[in-house]
1. Keeping every protein chain present and rolling a 1.4 Å probe, give me the accessible area per residue for the chain in Å².
2. Can you give the calculated 222 nm mean residue ellipticity of the chain, where each DSSP H run of n ≥ 4 adds -39,500 (n - 2.57) and the sum is split over every residue, rounded to the nearest 500 deg cm²/dmol?
3. Multiply the residue gap between residue 109 and residue 152 by 0.36 nm, knock off their C-alpha separation, and tell me the result in nm, one decimal place.
4. Given axes a ≥ b ≥ c from the Cα gyration tensor, I'd like to know whether segment 126-231 is rounded (a/c under 1.5), prolate (a/b larger than b/c) or oblate.
5. Which of the GluC sites (Glu not before Pro) found in segment 141-204 are in a DSSP loop and have at most 10 neighbouring Cβ atoms, other than their own, within 10 Å?
6. Report the charge-dipole magnitude of the chain in Debye, nearest 20, computed about the Cα centre from +1 at each Lys and Arg Cβ and -1 at each Asp and Glu Cβ.
7. Run the quick spin-label model on residue 41 and residue 273: label points 7 Å from Cα toward the beta carbon, then report their separation in nm to one decimal.
8. Counting other Cβ atoms within 10 Å of each Cβ, which trypsin sites (Lys or Arg not before Pro) in segment 44-106 have at most 10 and sit in a DSSP loop?
Amino acid sequence: MNNFPSVLESTADLSDKHIQGLLELASKFQKRESSGPSFPKIPVVSTFFLENSTRTKNSFAVAAMRLGAHYIDFNPENSSLNKGERLEETFRTLHCQGVELLIVRASESQLLSEFKKSTPIRLINGGDGTHQHPTQALLDLMTLQNELGNISGKKIAIIGDCRHSRVANSLIELLPRLGMKITLCGPKHFLPTSNIPNIEMTTELEDTFDCDALYLLRIQKERHINDIDYDYSLYPDEYGISLKKIEPLKKKIPIYHPGPANIGMEIGEDVIHSPFYRGYHQVKNSVPMRMAIIQAILQNGDKSIGQACRLDQVL
Ligand code: CP
């Protein structure tokens with residue numbers, strides 16, 4: 001198009017020829033987009049994070065790119081959600097733009113529950129409040145199996161702020177299905193308020209020392225609602241895991257942490273640099289596991305998604 005402006009500020013900057021030329025070119029792109037197999041579409045995957053993250057967000061980005069997808073780091077914090085647009089409408093809009101899958105993180109529990117029956121876009125929970133972090137639990141399962149082989153009958157102690165941990169909730173749901181036994185350990189303020197079938201609970205760290213694996217959790221102060229009558233400064237001495245603390249263990253066992261770790265609080269610097277620590281194995285395994293999850297969800301053949309965006313719909 002001759003003399004197309006270098007700064008397009010107003011429709012008045014365009015000549016009538018420009019307008020006609022744009023309509024024709026856009027029409028060609030429109031036909032190409034809907035012409036099917038001769039123009040195979042590269043899937044577009046986007047993160048949608050309303051809460052901070054290092055591990056989950058970046059490993060999903062790397063996983064998407066390793067699969068050959070295009071990746072968008074959508075920032076809901078500065079999106080039109082802040083102008084009052086509903087979440088569902090935002091999801092539908094992104095799907096109409098060509099985004100196939102969103103990985104959503106939120107501080108609100110069960111944010112995605114309303115979309116399980118009918119959704120405008122494929123969604124993966126990247127951690128929601130105190131509720132669930134399913135992809136973390138799946139990559140942890142992979143890491144545990146790499147180390148322990150068959151986990152049926154093996155014991156894992158989850159130590160720390162179990163009450164406010166979405167990771168703990170996902171592990172409690174997942175690991176017993178493969179026969180693993182779980183003991184939750186921590187000050188009473190950080191243990192679930194009611195019993196969970198087949199899950200042991202203890203406030204005594206020594207009770208966990210017959211386990212096959214330790215899984216440490218951060219104290220999640222950001223999820224405490226001013227009702228924790230516990231002196232946090234006691235935690236490193238009482239429950240923090242250092243090499244000295246685990247000396248009485250009968251065998252050498254792997255130590256896991258989903259991250260982010262508060263070194264000096266729930267885990268000693270010496271443990272992080274010891275052969276017991278598996279935190280970086282978890283991070284490494286996050287990419288192949290999240291590649292598997294992305295591929296599976298993109299290939300699920302759900303025809304109900306994106307009806308509103310179809311250009312061939314007849315009124
Ligand atoms: N494990 C985990 O969810 O870490 P991030 O908060 O860094 O994503």
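1. Dividing the accessible area of the chain by its residue count gives 56 Å².
2. One gets -9000 deg cm²/dmol as the mean residue ellipticity at 222 nm.
3. This chain segment gains 12.5 nm when fully extended.
4. Judged from the Cα gyration tensor, segment 126-231 comes out oblate (a/c at least 1.5, b/c at or above a/b).
5. 204
6. Dipole about the Cα centre, nearest 20: 1160 debye.
7. 5.1 nm
8. 86
The values are calculated or read from the model by the stated rules, or taken from the named source; none is laboratory data. What you are looking at is a predicted structure, and each value in this text was computed from that prediction instead of being measured. Every residue, glycine among them, receives a Cβ derived from its backbone with ideal geometry; neighbour counts consider all protein chains shown. All accessible areas refer to the heavy atoms of the entire protein, side chains included, with ligands and DNA or RNA removed. Shrake-Rupley method; radii C 1.70, N 1.55, O 1.52, S 1.80 Å.
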